Amino acid sequence: MPNTKNHRHFIMHKPFGYLCQFVCELPKKKLIGELFDFPEGTMAIGRLDEESEGLLFLTTDGMMSEIIRSRHIEKEYYAQVDGIITNEAIEKLKAGVEIGIRNVKYTTQPCKAFRLETPPDFPPRIRKIRDDRHGPTSWVSITLTEGKERQVRKMTAAVGFPTLRLLRIRIGNILLGNLEAGKVIELESFI
């Protein structure tokens, strides 16, 4: 177990539209460092892309990154997808699907997946996803032990149900719960 005595650890509900970075040369980008006065040397673990929301770990301990990103720690996501996801698509997700990672074909590891019968009770996103004229949507839970670039989005698209909204709700046994978007909580440790 790493020595976390002199390090600080945080969880954040990363809002839509923010980059998981503290410095960016691109103009007009919103950065998570603007939301909280993090100590020097803080880094995000298991980044979420600009359009994704939800649970994010941050720490000053680089060794924690290897532990959190390992295949021993589950990461659970709720994805709102275009259309009513079928049982066949869920089974394909569970078995592993072929996606592209930087122009290389990759088959995802088997995972846990199921359709959420009731949409989760998240506040509306800042930017509207779309309206009902574009057809129905549904929600799926996907739990991974890996984390490739935009993996969940690529997985749902590979089975014919592109992701419209994506939230990470759990890492290991830490839950997003009712933590509001943009809010931060300091923890004694992640493990």
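Quick notes
A quick yes/no check of all residues on (1) hydroxyl-bearing (S, T, Y); (2) touching a Leu at 6+ places or on another chain (Cβ under 6 Å); (3) under 16 Å from L187 (Cβ atoms):
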{"position": "P15", "(1), (2), (3)": "no, no, no"}
{"position": "K28", "(1), (2), (3)": "no, no, no"}
{"position": "F36", "(1), (2), (3)": "no, no, yes"}
{"position": "G41", "(1), (2), (3)": "no, no, no"}
{"position": "A44", "(1), (2), (3)": "no, yes, yes"}
{"position": "G54", "(1), (2), (3)": "no, yes, no"}
{"position": "T60", "(1), (2), (3)": "yes, no, yes"}
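- The residue that is surrounded by the most Cβ atoms within 10 Å (Cβ to Cβ), among those in segment 62-80 that are in contact (Cβ under 8 Å) with a residue 60 or more places away in the chain and in a helix (DSSP H, G or I), is M64.
- Single unsatisfied condition, G33 versus (1) over 13 Å from the mean Cα position of the chain (by Cα); (2) assigned to a loop (DSSP other than H, G, I, E, B): (2)
- Selection status of I90, assigned by TED's automatic domain parsing to the domain that holds S141, surrounded by fewer than 14 Cβ atoms within 10 Å (Cβ to Cβ), over 12 Å from I171 (Cβ atoms) and β-branched (V, I, T): no
- Meets criteria (in contact with a strand residue (DSSP E or B) (Cβ under 8 Å, 6 or more places away or on another chain) and not in a strand (DSSP E or B)) for K105: no
- Some residue of segment 93-105 being touching a residue at least 24 places away in the same chain (Cβ under 8 Å), over 12 Å from T156 (Cα atoms), aliphatic (A, V, I, L, M) and not assigned by TED's automatic domain parsing to the domain that holds F16: yes
- On inspection, L48 passes the criterion of being under 14 Å from the mean Cα position of the chain (by Cα), under 20 Å from V140 (Cα atoms) and not small (G, A, S).
- Selection from segment 111-124 of residues that are free of Cβ contacts under 8 Å to residues at least 24 places away in the same chain and charged (D, E, K, R): E117, D121
- Unique residue being under 30 Å from F38 (Cα atoms), touching a residue at least 60 places away in the same chain (Cβ under 8 Å), part of a loop (DSSP other than H, G, I, E, B) and of a type in the set (D, E, K, R) when the list is R127, R170, R165: R127
- For first residues located in segment 31-46 and on the phi > 0 side of the Ramachandran plot, partners that are loosely packed, with under 15 Cβ neighbours inside 10 Å and lie 6+ apart or on another chain with Cβ distances below 9 Å form the pairs G41/G62.
- Being assigned to a loop (DSSP other than H, G, I, E, B), modelled with pLDDT of 90 or more and of a type in the set (S, T, Y) holds for only one residue in T143, T118, T156, and it is T118.
The values are calculated or read from the model by the stated rules, or taken from the named source; none is laboratory data. All figures in this text were calculated on a predicted structure; none of them were measured in a lab. Every residue, glycine as well, gets a Cβ built from its backbone with ideal geometry; the counts of neighbours run over all protein chains shown.
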